[in-house]
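Student: Submitted below is the structure of interest, expressed as structure tokens.
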Amino acid sequence: MEDLQVIRRLKRGDVGGLECLVARYQGKALRTAFLITHDEPMAEDVVQDVFIRFYQRIRYFDETRSFEPYFMRSVINAALNCIEREKKISSVSEEDTCEVENLLEAAASVEEQVEFNTLKWQIAEALAKLPPRQRAVIVQRYYLEMSEKEMSEALDFPPGTVKWLLNTARTRLRSLLGSERMAE
């Protein structure tokens with residue numbers, strides 16, 4: 001069933017439509033919120049709150065809009081707001097990096113596996129050190145594979161602002177990763 005049909009079901013009072021949206025988007029939303037908050041319970045709360053808020057305000061949703069970009073923008077904004085509200089940016093442990101795709105199976109040797117695991121951990125640590133808005137654009141671009149145009153629409157920022165944020169975040173990540181490697 002397409003998103004538009006599900007949304008129309010919700011507008012008619014059929015709660016089963018929400019179940020369809022949760023099944024379709026919960027995993028992606030949880031990954032996104034986690035990559036921004038670096039706190040699994042906080043990410044779960046954020047996603048749950050966004051689904052509930054969407055359901056409560058369904059009658060105001062403009063059916064001409066695409067649901068997924070709208071919903072993912074809501075998740076990103078809620079995660080950023082939650083961080084600011086909690087003033088909590090936790091450091092990333094090795095267990096947290098499990099959210100990054102597990103490519104270790106493709107590694108041919110133990111040395112490659114160790115190097116890859118170390119790199120994943122360094123990237124996750126560097127990502128955690130970015131300010132929340134920079135972290136959000138990196139998550140959108142590289143984990144959600146959104147184009148700059150999609151990011152601009154989702155964040156409701158001009159394309160130039162998205163490019164600037166992305167460039168600033170990449171530069172900061174390079175700097176953090178460079179200092180990580182020098183520390184070895």
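The values are calculated or read from the model by the stated rules, or taken from the named source; none is laboratory data. This is a predicted model, so every value here is computed, not measured. Heads up, the Cβs are rebuilt from the backbone with ideal geometry, glycines too, and the neighbour counts pull from every protein chain shown. Note: accessible area is taken over every heavy atom of the protein model, side chains too, but ligands, DNA and RNA are not part of it. Shrake-Rupley method; radii C 1.70, N 1.55, O 1.52, S 1.80 Å.
Student: Could you run through the range 3-19 and say how many residues are open to solvent by 40 Å² or more (accessible area, probe 1.4 Å) and farther than 11 Å from GLU68 by Cα?
Tutor: 9
Student: Let me ask something else about it. Taking the stated definitions as given, is GLU84 in a helix (DSSP H, G or I), closer than 30 Å to GLU148 by Cβ, open to solvent by 80 Å² or more (accessible area, probe 1.4 Å) and at pLDDT 90 or above?
Tutor: no
Student: Do we have GLU150 as open to solvent by 60 Å² or more (accessible area, probe 1.4 Å), in a helix (DSSP H, G or I) and under 16 Å from MET72 (Cα atoms) here?
Tutor: Criteria met by GLU150.
Student: In addition: Only one residue in ALA23, ALA43 is within 12 Å of the chain's Cα centre (by Cα), hydrophobic (A, V, I, L, M, F, W, C) and in a helix (DSSP H, G or I). Which one?
Tutor: After ruling out the rest, the residue left standing is ALA43.
Student: Now for a different question. From the set of residues in the range 28-43 that are surrounded by 16 or more Cβ atoms within 10 Å (Cβ to Cβ) and either out of contact with any helix residue (DSSP H, G or I) (no Cβ under 8 Å at 6 or more places or on another chain) or without any contact (Cβ under 8 Å) to a residue 24 or more places away in the chain (or both), which is farthest from LYS149 (Cα to Cα)?
Tutor: ASP39
Student: Being within 16 Å of the chain's Cα centre (by Cα), at pLDDT below 85 and open to solvent by less than 70 Å² (accessible area, probe 1.4 Å) is the filter here, so list the residues in the range 153-184 that pass it.
Tutor: Within the range 153-184, ALA154, LEU155 meet the criteria.
Student: Going by the conditions given, is GLU63 under 23 Å from PRO132 (Cα atoms), at pLDDT below 90 and over 18 Å from the mean Cα position of the chain (by Cα)?
Tutor: no
Student: Going by the conditions given, is ALA78 surrounded by 12 or more Cβ atoms within 10 Å (Cβ to Cβ) and modelled with pLDDT of 65 or more?
Tutor: yes
Student: List every residue pair whose Cβ atoms lie under 7 Å apart, where the two residues are 6 or more positions apart in sequence or sit on different chains, the first residue falls within the range 71-87 and is touching a residue at least 24 places away in the same chain (Cβ under 8 Å), and the second residue, located anywhere, is in a helix (DSSP H, G or I) and of a type in the set (Asp, Glu).
Tutor: ALA78/ASP49
Student: If I ask for residues that are small (Gly, Ala, Ser) and within 13 Å of the chain's Cα centre (by Cα), which ones from the range 125-147 would you list?
Tutor: If the condition is that a residue be small (Gly, Ala, Ser) and within 13 Å of the chain's Cα centre (by Cα), then ALA128, ALA136 are the ones that fit.
Student: Out of (1) in a helix (DSSP H, G or I); (2) at pLDDT 85 or above; (3) more than 21 Å from TYR143 (Cα to Cα), what's the single condition that is false for GLY13?
Tutor: It fails just one condition, (1).
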